[in-house]
Protein chains: 2
Amino acid sequence: MTMKEKWMLSWLDSDIPQGVGGRREERRKMNGNGMNYAPKGKPQPVVGSGEFVIAAVALDHGHIYGMCNGLTEAGATLKWVYDPDPEKVKAFLRAFPQAQPAESEEQILQDPEVKLVCGAAVTSLRCALGLRVMDAGKDYFTDKAPFTTLEQIEAAREKIRKTGRKYMVYYSERIHVEAAVYAGWLIEQGAIGTPIHVDGFGPHRIGNPHSRPDWFFEKEKYGGILCDIGSHQIEQFLFYCNEKDAKIQYSQVGNYAHPDYPELEDFGEAVLLGANGGTQHFRVDWFTPDGLSTWGGRKNLYSWHRRLY
Amino acid sequence: MTMKEKWMLSWLDSDIPQGVGGRREERRKMNGNGMNYAPKGKPQPVVGSGEFVIAAVALDHGHIYGMCNGLTEAGATLKWVYDPDPEKVKAFLRAFPQAQPAESEEQILQDPEVKLVCGAAVTSLRCALGLRVMDAGKDYFTDKAPFTTLEQIEAAREKIRKTGRKYMVYYSERIHVEAAVYAGWLIEQGAIGTPIHVDGFGPHRIGNPHSRPDWFFEKEKYGGILCDIGSHQIEQFLFYCNEKDAKIQYSQVGNYAHPDYPELEDFGEAVLLGANGGTQHFRVDWFTPDGLSTWGGRKNLYSWHRRLY
């Protein structure tokens, strides 16, 4: 956690307060839902060309674009891309023409030049990819949520201990949003005292469900709403309240309005108690109305939720 | 509950949306904390002079002023006031010179003209006063929280069954605040769909603790923060989500920053599940910074809480 935080902050803090978050025009281009929202920032390289070579493997979630934007803006050299679906690779190469399509994941893992592999696999497969990446002696940067089971977390910890590699997570709602980065900076400066409670809101818009892949609606694969979206909120709480550990004291989830997708949880909330005494509540849902082009936890506070049936 | 709601709404709804809440100048006059905040509205009598005679008994909390403002603006005739403390009576008579100081509570209870007694006693004594009022054949209008124990609730229910009188509560944060009344009106009109979750925030400012009476800091008397402040939030949830019953699924309280007042809970939160499927989280606290002249749950959403030590 600490290493990841330091790495992320060193990557981001030169942009404060000018901002690394999505530009307004980028937001307008959002393709109906937040799945393809990929913030672009001003390039501010912290390494020279060719000095930090990366590859993208597994393009199942559109977050891979934001991840590669951030990394290349920081100076990373994007050498490879691989996904078993040639259509996804083709689309990716339009955004990142500098990358070469690899013939297999193995080809990338065997390239000694590659220092980091970033991926946005189906959530339940993210850990397995990370284990392979670390076994190949490379660091791993995955879309959130990074795990769907406790067994996966333990496997990743064990692998980190054995290989010394990093398993890092793209918690975009904090590390790729201007206001969230700025809030962390204010806290660090002591400008607002010691936070004792964070209430996090993660309203999301489902948009057209048919535009989303099947795995998005299968709980075993996406991990449930508290894992899928709530992991953002929990990470923010831990960071802002400087908590190293916390216990989930209570949680509840529901499917209020999506009977066609019985495994989709469209509402969830939880209360946490941190080891250091901080507390958190968060609420996440899929009830952002159509037409409101926002996503994430900081923009939609007093939304009144509408039942769709 | 239903009778109370109807009565309150008939009292208030002619004022929508012009507003019954506190005027800005009134807010500026707030005496350091919310305890003495007494909203004034435009008089809109619904009864003729002398038709609905009331009395004020027990002036322990400043809310009694807002209660009497609302009642007299609606046409009630304020005939009597009684409190064992002559200073409190003197101050009250300055605001309501039309009232006569009674020699005892008994004198008021025996007056057949009096139809309703309103009171803002020490919280733990509110029920006992209500039982005496109803025994005297009058309706009761108490400051919130209306009870501090489950036994008191049962006693009041039993008395209501026996006497047919009303035990009504001044939930000022909803019934005496423009935005809150308007929100209820919007929901009633179907303007925002069916609410499935209410998140309520009740940040409060402690101000100068020495300006508050001792009972304010004794848990047996004020009932704890979830009772004292949280009763507002729960009432709002029940009303806005049209829930007749709900279960408290989880709650936690703490004293983070007031070691001199060990029985003061300066932080609390709870999660509720309604019988009809609605859900609520609320957070209440005494961390509104000095100098911010707001109170209540709707104005202070992303406050960052400051530890005072």
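Read the figures in this text as sums done on the coordinates, not as results from a lab. Everything quoted here is computed from the prediction, not taken from an experiment. All Cβ positions, glycine included, derive from the backbone under ideal geometry; neighbour counts span all protein chains shown.
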Sorting A:His258, B:His197 on the 10 Å Cβ count, fewest up front, what's the list?
A:His258, B:His197
Which order do B:Glu265, B:Glu235, B:Glu218 fall in if you start with the one that has the fewest other Cβ atoms within 10 Å?
B:Glu218, B:Glu235, B:Glu265
Which chymotrypsin sites (Phe, Trp or Tyr not before Pro) in the stretch A:116-171 sit in a loop by DSSP (not H, G, I, E or B) and have at most 16 other Cβ atoms within 10 Å of their own Cβ?
none
By Cβ position, which chain A residue lies least far from the axis that rotates chain A onto chain B, and what is the distance to the nearest whole angstrom?
A:Tyr250, 2
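Send over the Kirkwood Rh of the stretch A:27-158, from the inverse of the averaged 1/r over different Cα pairs, rounded to one decimal Å.
Computed over the stretch A:27-158, the radius equals 15.1 Å.
Please express the shape of the stretch B:45-113 as an equivalent ellipsoid: the semi-axes are the square roots of 5 times the eigenvalues of the C-alpha gyration tensor, given largest first in whole angstrom. If you can, show how the numbers build up before the last one.
Working: eigenvalues 71, 43, 16 Å².
Semi-axes, largest first: 19, 15, 9 Å.
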Of all alpha-carbon pairs in the stretch B:107-209, indicate the percentage at a distance above 20 angstrom.
53 percent
Relative to the other copies, what are the label-point distances for A:Pro45, with labels 7 Å from Cα along the C-beta vector, expressed in nm at one decimal and sorted shortest first?
8.2
If the label for B:Pro112 sits 7 angstrom from Cα along the Cα-to-Cβ line, what are its distances to the same label in every other copy, in nm to one decimal, shortest first?
10.7
Given the pairs A:Lys79/A:Lys162; A:Lys115/A:Lys221; A:Lys79/A:Lys138; B:Lys219/B:Lys244; A:Lys115/A:Lys159; A:Lys247/B:Lys247, which span a C-alpha to C-alpha distance of over 20 angstrom in this model?
A:Lys79/A:Lys162; A:Lys115/A:Lys221; B:Lys219/B:Lys244; A:Lys247/B:Lys247
What does the structure give for A:261-269 when I average, per residue, the other chain Cβ atoms found within 10 Å of the residue Cβ?
1
How about the stretch B:66-115: which GluC sites (Glu not before Pro) there are in a DSSP loop, with at most 10 other Cβ atoms within 10 Å of their Cβ?
B:Glu103
The stretch A:159-224 versus the stretch B:147-190: alpha-carbon centroid distance in Å:
40 Å
Quick note on B:Leu93, A:Leu150, A:Leu272, B:Leu273, ordering by fewest other C-beta atoms within 10 Å, gives A:Leu150, B:Leu93, B:Leu273, A:Leu272
Rg over Rh, two decimals, the stretch B:88-129 (C-alpha only, Kirkwood Rh):
0.97
For the stretch B:224-276 the translational diffusion coefficient, Stokes-Einstein from a Kirkwood Rh over Cα pairs at 10 °C and viscosity 1.306 mPa s, in µm²/s, is roughly 132 µm²/s
Inter-site label distance for B:Gln110 and A:Arg161 at 7 Å from Cα along Cβ, in nm:
8.2 nm
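If you take every residue apart from B:Asp214 with its C-beta less than 13 Å away from the C-beta of B:Asp214, what net charge results, scoring Lys and Arg +1 and Asp and Glu -1?
-2
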Within straight cross-link reach of A:Lys88, meaning Cα distance under 19 Å, which aspartates and glutamates are found once same-chain residues fewer than 8 apart are removed?
A:Asp60, A:Glu103, A:Glu105, A:Glu106, A:Asp143, A:Asp214
Label position 7 Å from Cα toward Cβ: report the copy-to-copy distances for A:Ser211 in nm, one decimal, ordered from shortest.
5.4
Shielding by partners for A:192-200, please: the mean number of other protein chain Cβ atoms within 10 Å of each residue's Cβ.
6
Let me check I've understood the local charge: for B:Ala99, count other residues with C-beta under 12 angstrom from its C-beta, Lys and Arg +1, Asp and Glu -1. What total comes out?
+2
